[in-house]
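Below: the structure, in structure tokens.
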């Protein structure tokens, strides 16, 4: 495909998506970009807002704590630029909203998924398939595989958010074999490709719905959480906390029941969260400990 034909295809994709979504975002589509979040930040610097940057491929994606994010062709890479009239402390709510919207997008194309606090979308083992579509539990990995992630970046002015970018990366029509260990894709889970436009439309619509109603975010997140009710081990700069995850409180902090009482961990304090396998030594942990976008 020559460059002009590719550009025409991207333009048609953007126009169709723009006409089908209920979200009030201007669609900027690309075949390939270094990073959709990077492009959204560039638009923010130009004074733009309410823009969704969409790409089929990312060549320099990154995640939490500047970890790299694999972004091969066929994925869904979307960054939504907003200027919400909210305090900076509310920014984690938008991360949770992005995770819920990503799960809803996966559900809309036939894949059941859940959220591992704070920003990972996981396909649990019973629903997962290997790259041959066999559903072999041994190849799936105990506890499931990572399907998507969310990265939120902000700029503040005084006590308000100047702008906010929520980046969502979903491994869509991608072979699981090209992904990092512990990851899967919609193609790998279903054994066939999905309609990316359908998934992106649902992602944008559901994100807009939640971003417009912050009080609805936590209940929606809890409904799809796979972390709550499980034993976890959280690594922070101040040490390790182990116990049962019992709740998430505003604006997105995880509450852990420990032998000495309840501890609250905020997203910025967590470097890793691992699920501790029930009835085993604490060293046997969930392999889906990646926490990048």
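The values are calculated or read from the model by the stated rules, or taken from the named source; none is laboratory data. These numbers were taken from a predicted model, which means no experiment stands behind them. Every residue, glycine among them, receives a Cβ derived from its backbone with ideal geometry; neighbour counts consider all protein chains shown.
If the condition is being surrounded by fewer than 17 Cβ atoms within 10 Å (Cβ to Cβ) and more than 19 Å from residue 161 (Cβ to Cβ), then the stretch 21-56 contributes 22, 26, 31, 32, 34.
When the stretch 10-46 is examined, which residues are found to be part of a strand (DSSP E or B) and within 14 Å of residue 56 (Cα to Cα)?
So the first thing to find is which residues in the stretch 10-46 are part of a strand (DSSP E or B), and the list is 26-30, 33.
The answer is 27, 28, 29, 30, 33.
Scanning the stretch 187-200 for residues being buried (at least 20 other Cβ atoms within 10 Å of the Cβ) and over 14 Å from the mean Cα position of the chain (by Cα) gives a total of 5. Inspect all residues belonging to the stretch 47-65 and state whether any of them is at pLDDT 95 or above and on the phi > 0 side of the Ramachandran plot. Yes, that holds for at least one residue.
When 227, 244, 260 are screened for being touching a strand residue (DSSP E or B) at 6+ places or on another chain (Cβ under 8 Å) and without any contact (Cβ under 8 Å) to a residue 60 or more places away in the chain, only 244 passes. Hey, does the stretch 261-268 have a residue that's surrounded by 14 or more Cβ atoms within 10 Å (Cβ to Cβ), modelled with pLDDT of 95 or more and touching a helix residue (DSSP H, G or I) at 6+ places or on another chain (Cβ under 8 Å)? The answer is no, given that none of the residues of the stretch 261-268 is surrounded by 14 or more Cβ atoms within 10 Å (Cβ to Cβ), modelled with pLDDT of 95 or more and touching a helix residue (DSSP H, G or I) at 6+ places or on another chain (Cβ under 8 Å). Per the listing 229, 243, 177, the residue uniquely assigned to a strand (DSSP E or B) and surrounded by fewer than 21 Cβ atoms within 10 Å (Cβ to Cβ) is 243.
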